[in-house]
Amino acid sequence: DDIASDGLRKLYEKLERFDDMLRFTERLIDNADDADTRAELRLSCAKLCIDKLDAPSEGIEHLNAIMDEVPTHPGAVALLAQMLEKEGRDDELAEFLQRQIELSREEGDQDKELSNRVKLAELYESRLNDPEKAIEGYLAVLETDGGFRPALAALGRLYEGQGETAKAAETHER
């Protein structure tokens, strides 16, 4: 019964029995009938792990479970990206962004695709120290929007860093 389960969760929260609240909510997930309900319950679990239990890895696991079932869940997408970055899980963040790019392309959402491509290229440039993949990423951005200034500036900077002055000059001229 939804009323009883909501009441028990509120009581656990009021009593600051967050471990019990988490375990109870996980049981509700097991009994939920649809993906959206499970996603909302998992999001509650993730936030509880992150905000109250100092268990970011467990929170990330809940968020990944949401992505497996509802890959475009807006709350989970934003929180997972934030947590992977905060926890320094850069390789996982790169994989996550790549999946988001593919989903955006499938949905025909060019703005979201472009935004995720920029984030991925920046990640390769700044945190993963992989200039080749960063260049590939920025070139992919420019295929979509040939005049996107931040990508052009980043490409010029990366080409200069690799000693490719001709490509850097050509990029700066664009």
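The values are calculated or read from the model by the stated rules, or taken from the named source; none is laboratory data. Note that the structure is predicted; figures quoted are calculated from it, not measured. Cβ: placed from backbone, ideal geometry, glycine included. Neighbour counts: every protein chain shown. Note: areas computed on protein heavy atoms with side chains; ligands, DNA, RNA excluded. Shrake-Rupley method; radii C 1.70, N 1.55, O 1.52, S 1.80 Å.
Between residue 15 and residue 61, full extension at 0.36 nm per residue minus the direct alpha carbon distance yields a gain of 14.0 nm. Restriction of the trypsin sites (Lys or Arg not before Pro) in the stretch 116-145 to DSSP coil positions whose beta-carbon has at most 14 other beta-carbons within 10 angstrom yields 127. Label-to-label distance for residue 31 and residue 164 is 5.9 nm, based on points extended 7 Å past Cα in the beta-carbon direction. Taking only protein heavy atoms and a 1.4 Å probe, the accessible area of the stretch 7-165 is 44% carbon and sulfur.
Connecting C-alpha atoms closer than 10 Å in a GNM of the chain, tell me which of 108, 156, 75 has the biggest fluctuation. Judging by the Gaussian network model, the answer is 108.
Charges were assigned to the Cβ only: +1 to each Lys and Arg, -1 to each Asp and Glu. The resulting dipole of the stretch 75-156 about its Cα centre is roughly 220 debye. Applying the Karplus relation 6.51 cos²θ - 1.76 cosθ + 1.60 with θ = phi - 60° to the stretch 13-19 yields 3J(HN,Hα) values of 5, 4, 7, 6, 9, 5, 4 Hz, where x marks Gly and Pro. Look at the alpha carbon pairs under 8 Å that are at least 6 residues apart: their mean separation over the length of the chain gives a relative contact order of 10 percent. Assign one of three labels to the stretch 57-174, namely rounded, prolate or oblate, based on the Cα gyration tensor with a ≥ b ≥ c the square roots of its eigenvalues; rounded applies when a/c is under 1.5, prolate when it is not and a/b is larger than b/c, and oblate otherwise. Oblate is the answer for the stretch 57-174, as a/c is 1.5 or above yet b/c matches or exceeds a/b.
Placing +1 on the Cβ of every Lys and Arg and -1 on the Cβ of every Asp and Glu, with nothing else charged, gives the chain a dipole about its Cα centre of roughly 500 debye. Placing unit charges on the Cβ atoms of the charged side chains and taking the dipole of the chain about its Cα centre, the candidate lying farthest along the positive direction among 152, 48, 62 is 152. Each helix, a run of at least 4 DSSP H residues, gives -39500 (n - 2.57); summed and divided by the residues of the chain, these come to -26500 deg cm²/dmol at 222 nm.
Were the residues from residue 92 through residue 6 laid out at 0.36 nm apart, the gain over their Cα-Cα distance would be 27.6 nm. Put a plus charge on the Cβ of each Lys and Arg, a minus charge on the Cβ of each Asp and Glu, and nothing anywhere else: the dipole of the stretch 38-126 about its Cα centre is then about 260 debye. Cross-link pairs exceeding 19 Å in C-alpha to C-alpha distance, out of 86/133; 10/52; 14/86; 112/167, comprise 86/133; 14/86; 112/167. For the stretch 39-81, the relative contact order works out to 38 percent when only alpha carbon pairs closer than 8 Å and six or more residues apart are counted. A Förster radius of 22 Å, combined with the Cβ-Cβ distance separating residue 110 from residue 139, puts the computed FRET efficiency at roughly 0.85. Return the loop-located GluC sites (Glu not before Pro) in the stretch 67-111 (DSSP other than H, G, I, E, B) with at most 16 other Cβ atoms within 10 Å of their own Cβ; answer none if there are none. Here the GluC sites (Glu not before Pro) that fit, given the DSSP loop and packing criteria, are 87. Evaluating 6.51 cos²θ - 1.76 cosθ + 1.60 at θ = phi - 60° for every residue in the stretch 169-174, the Karplus couplings come out as 5, 4, 5, 5, 5, 5 Hz, glycine and proline recorded as x. Taking all Cα pairs closer than 8 Å and separated by 6 or more residues, the relative contact order of the stretch 62-124 comes to 24 percent.
Simple rule: put +1 on each Lys or Arg Cβ and -1 on each Asp or Glu Cβ in the chain, find the dipole, and look at 98, 29, 134; the Cα lying farthest toward the positive end is 134. Normalised per residue, the accessible area of the chain is 58 Å², obtained with a 1.4 Å probe and no contribution from ligands, DNA or RNA.
Calculate, for residue 54 and residue 126, the FRET efficiency according to 1/(1 + (r/R0)^6) with r their C-beta to C-beta distance and R0 35 Å; round to the nearest 0.05. According to the calculation, E is roughly 0.80.
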